[in-house]
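Take a look at the structure below.
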Amino acid sequence: MISKSKLQQSIQEIFNIYAKRNYTLAFTLESINEIFEIGNEVFMRNNPEEMEKLAKRPKNKAPDIFDDEPFSFERTFEIYSELSDQFTEISPELIHKIFELNSKLAWEEYRQRYNKYILEIYKDYPDDEYINYLATVVLYDQKDFSEGLRCINRSLAFNPSCAVYTHLKARCLIQLGEFEAARTYLYQSLFLLELMQDNPPKKGENKDVYPNYPVDFFTSVEQIRNDLRQLDRVESLYKYQLLPLIY
């Protein structure tokens, strides 16, 4: 992870190099690609340890977040369209915004490839705890709560003391209207975390299919307590406002 101070230093360096190479600081479509080119030079030079980590990351079948096309016309045009109303000249602030927006767009594109990949493979690995967990995160995000519940049940069969899994199961159950069961699993998650008996998600033997940059679900005592409060409100709404209308 690049520190904030190193990032600011690199941004200023990119601006200085750009200003020396160009007779104008006008913000144009072409200037974005040049900023990317200079940025690659500067970030690689200033962050050798991070570059070494990237070079050594395991190769596998999963999509890689760095399989990205920042120089595509579509990406450049989207960045320019977003920022051209705010900026007319190249500045360190604009350069920071360009890289920030590019990261956001790159992540969105990665998520599309990642989701597609996970949904294509997870049924081939019914006995893989980790793959079923990753599939649950994607399925929950896509509102397929029944299938997400099936997947997280498979993960729990291998690792029943994982607070992430029990919390995810509770989230699926809430969406399916199984409030009492959801409450049980929320309290189980809380118990595991507060008594420090939590076992995190575990990878198995299928390392060639595990993504280097997984989309994880994060839990905490505060998050679980918040879900319990929300569940109380949902149950109250159902019991005192919706149920009388049914009967």
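Any read-out appearing in this document is the output of simple, stated calculations on the displayed coordinates, not a laboratory observation. Fair warning: this is a prediction, and the values are worked out from it, not measured in the lab. Cβ placement follows ideal geometry from the backbone for every residue including glycine, while neighbour counts extend to all protein chains displayed.
On full extension, the segment bounded by N199 and M44 gains 52.1 nm, given 0.36 nm per residue less the C-alpha separation.
Restriction of the chymotrypsin sites (Phe, Trp or Tyr not before Pro) in region 139-228 to DSSP coil positions whose beta-carbon has at most 16 other beta-carbons within 10 angstrom yields F218.
Between A26 and S161, the FRET efficiency estimated from the beta carbon spacing at R0 = 51 angstrom works out to 0.30.
Computed from the Cβ-Cβ distance with R0 of 45 Å, the FRET efficiency linking S5 to E180 stands at 0.35.
Computed from backbone phi, the HN-Hα couplings of region 119-126 come to 5, 6, 9, 4, 6, 7, 10, x Hz, rounded to whole numbers (Karplus: 6.51 cos²θ - 1.76 cosθ + 1.60, θ = phi - 60°; Gly and Pro given as x). In a simple Cβ point-charge model (Lys, Arg +1; Asp, Glu -1; nothing else charged), the chain has a dipole of about 640 debye relative to its Cα centre. When the chain is treated as a GNM with alpha-carbon contacts under 10 Å, the residue of Q188, Q86, Q175 showing the greatest mean-square fluctuation is Q86. Would you work out the relative contact order for region 1-92, in percent, from Cα pairs under 8 angstrom that are 6 or more residues apart? It comes to 47 percent, rounded to a whole number. Taking θ as phi - 60° and the Karplus parameters 6.51, -1.76 and 1.60, the scalar couplings of region 145-154 work out to 6, 5, 5, x, 5, 4, 5, 5, 5, 5 Hz in sequence order, x denoting glycine and proline. Here the Karplus relation 6.51 cos²θ - 1.76 cosθ + 1.60, evaluated at θ = phi - 60°, turns the backbone of region 194-207 into coupling constants of 5, 8, 6, 10, 6, 10, x, x, 10, 7, x, 8, 8, 5 Hz, with x for every Gly and Pro.
Rounded to the nearest 20, the size of the Cβ-charge dipole of region 1-98 about its Cα centre is 520 debye, with Lys and Arg at +1 and Asp and Glu at -1. A helix-only calculation puts the chain at -21500 deg cm²/dmol for mean residue ellipticity at 222 nm, using -39500 (n - 2.57) for each DSSP H run of at least four residues, averaged over all residues.
Can you compute the label reach from T88? Point 7 Å from Cα along the Cβ direction, backbone N cut-off under 12 Å, restricted to region 14-38. Counting only backbone N, you get 26-27. For D67 and S81, the difference between the fully extended length at 0.36 nm per residue and the C-alpha to C-alpha distance is 2.7 nm. Would any residue of region 39-63 have its amide N under 11 Å from a label point 7 Å out along Cα→Cβ of Y213? List them or say none. It comes to 63, nothing else. Taking each of K56/K116; K6/K56; K104/K207; K59/K123; K20/K56 in turn, the alpha-carbon distance tops 32 angstrom for K20/K56. Which FRET efficiency, nearest 0.05, do K123 and Q12 yield, Cβ-Cβ r, R0 35 Å? Using R0 = 35 Å, I get an efficiency of 0.10. Considering the values [x] 166; [y] 234; [z] 179, which represents volume of the Cα convex hull per residue in Å³ as calculated for the structure under consideration? Given [x] 166; [y] 234; [z] 179, the structure-derived one carries the label [z].
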